[in-house]
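Every number in this text was worked out from the coordinates using simple rules, so none of it is lab data. Computed from a predicted structure; not experimentally measured. Ideal geometry is used to build each Cβ from the backbone, glycine not excepted, and the neighbour counts take in all protein chains shown.
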Amino acid sequence: MKGYKTKDKKKGAASTALGINKKKMLAALEKSLGVVTQAAKIAGLNRTDHYNYMKSDPKYAAAVAELENISLDFAESKLYEEINSRNITAIIFFL
């Protein structure tokens, strides 16, 4: 995700790798529209890594929350398009 920066207390390669993994996971979450299992596969990480990052890094958690909002906006816009094209199923789903 653009603009996400890590500020880990650890120094050195381990800290850099952790920051890179978080950025990879955020990018993968964006590609997968927030589906954690698929994002973890794309990023080459474990799902539990994501949940650990969520617990330990408020900036990471905020970035994930923003991605969730973007995903929801995307889904709502697609539903709106279907409603405008008079898709009965979409209309019923909306109601």
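Please identify the pairs in which a residue from the stretch 26-51 that is over 20 Å from ASN69 (Cβ atoms) has its Cβ atom under 7 Å from the Cβ atom of a residue that is among the hydroxyl-bearing types (Ser, Thr, Tyr), counting only partners at least 6 apart or on another chain.
Every condition considered, the pairs that remain are ILE42/SER32; ARG47/THR37.
How many residues are of a type outside the set (Ser, Thr, Tyr) and surrounded by 15 or more Cβ atoms within 10 Å (Cβ to Cβ) when one looks only at the stretch 55-65?
3
Can you name every residue in the stretch 70-95 that is surrounded by 12 or more Cβ atoms within 10 Å (Cβ to Cβ) and outside any helix (DSSP H, G or I)?
ASN87
Taking the stretch 27-79 as the region of interest, how many residues are among the basic types (Lys, Arg) and within 30 Å of PHE93 (Cβ to Cβ)?
The number of residues fulfilling the criteria is 4.
Hey, any hits in the stretch 63-76 for a residue that's without any contact (Cβ under 8 Å) to a residue 24 or more places away in the chain and within 22 Å of ALA17 (Cβ to Cβ)?
No: zero hits.
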